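Below is one structure, written out as structure tokens; comments come after it.
The values are calculated or read from the model by the stated rules, or taken from the named source; none is laboratory data. Quick caveat: nothing in here was measured; it's all calculated off a predicted structure. Neighbour counts run over all protein chains shown; Cβ positions are idealised from the backbone, glycine included.
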Ligand code: BDR
Ligand code: CA
């Protein structure tokens, strides 16, 4: 199995993404969860990491990371994920608290111990990853890959131009995308097609296990805003799609292109400017997902969540 570090801001779709990861031991060897500010504050995302471990019946260390973006004012998404980040009734207590070591130090130490082996799956703002790259300039070349849910080839979700994870720390995203690391990006242009329709939510609930029930409850909470604001039939499974693509790369068609993040404050702050047609003739720095087999993705998610307790 591929050694991975899961970095995120749970966040209900981060939690479901991590359940999918823990249910896939043939493909993924999860070394740790690292948490970052984002959907809710760092204390909450770190607590929610412990809750997700308990839900998955898994036990790996949790490291808390950056509690704010590099430069910009903090933004959260409590309107989408609830004040606590995991809006479900039947949640276990966290089975782990955070280690003493900072997430960024953990990432640097672990990647250096295992050069070219580790995949960092980031499903939140890229603050921890950017800090690790600044602390250890050799790191981009030592990682096997960074897989990021964030950005978009087209429109945003938090502003007309920007996706939430990119907007929540545009400077960090620009550092990571232009670091020379191997980066695969799963943005809104594909994740908004991975929709938890009411029928799919019922199939998750019908699995009969706690992980399925909690996932269904979380996605039901989330569906309202996706229907009203985005005109979808349910919540988008953003973060689970990024994890699924590590397990099954063939779920998405990728295209290599130049991607830069707008770091100037203005209408396009946080926009991932994707040179889809190569008009700038700048070298490709990111493999961008441009098509998804959303049915195959959902069947994988369902089958895996069904394996949990
Ligand atoms: C991303 O933003 C967060 O709210 C979700 O967890 C996901 O990572 C989608 O824009
Ligand atoms: Ca997230």
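Quick notes
- Residue satisfying all of: in region 158-167; in a loop (DSSP other than H, G, I, E, B) and surrounded by 24 or more Cβ atoms within 10 Å (Cβ to Cβ); nearest to ligand 1 (Cβ to nearest atom) among these: 163
- Filter pass, residue 87 being away from ligand 2 (no atom under 12 Å from the Cβ), touching a helix residue (DSSP H, G or I) at 6+ places or on another chain (Cβ under 6 Å), outside any strand (DSSP E or B) and within 23 Å of residue 192 (Cα to Cα): yes
- The set of residues from region 119-138 being in contact with a helix residue (DSSP H, G or I) (Cβ under 8 Å, 6 or more places away or on another chain) and surrounded by fewer than 22 Cβ atoms within 10 Å (Cβ to Cβ) comprises 119, 134, 135, 136, 138.
- Considering the conditions (1) in a loop (DSSP other than H, G, I, E, B); (2) modelled with pLDDT of 95 or more, residue 120 is excluded by exactly one of them, (1).
- Lone qualifier among 188, 177 - being modelled with pLDDT of 95 or more, within 16 Å of ligand 2 (Cβ to nearest atom) and surrounded by 24 or more Cβ atoms within 10 Å (Cβ to Cβ): 188
- Filter result for the condition that a residue is near ligand 1 (Cβ under 10 Å from one of its atoms) and in contact (Cβ under 8 Å) with a residue 12 or more places away in the chain, over 154, 180, 212, 187: 187
- Only strands (runs of 3 or more DSSP E) whose full extent lies in region 1-82 are considered here, and the ones with at least 2 residues that are within 14 Å of ligand 1 (Cβ to nearest atom) and in contact with a helix residue (DSSP H, G or I) (Cβ under 7 Å, 6 or more places away or on another chain) are 2-8.
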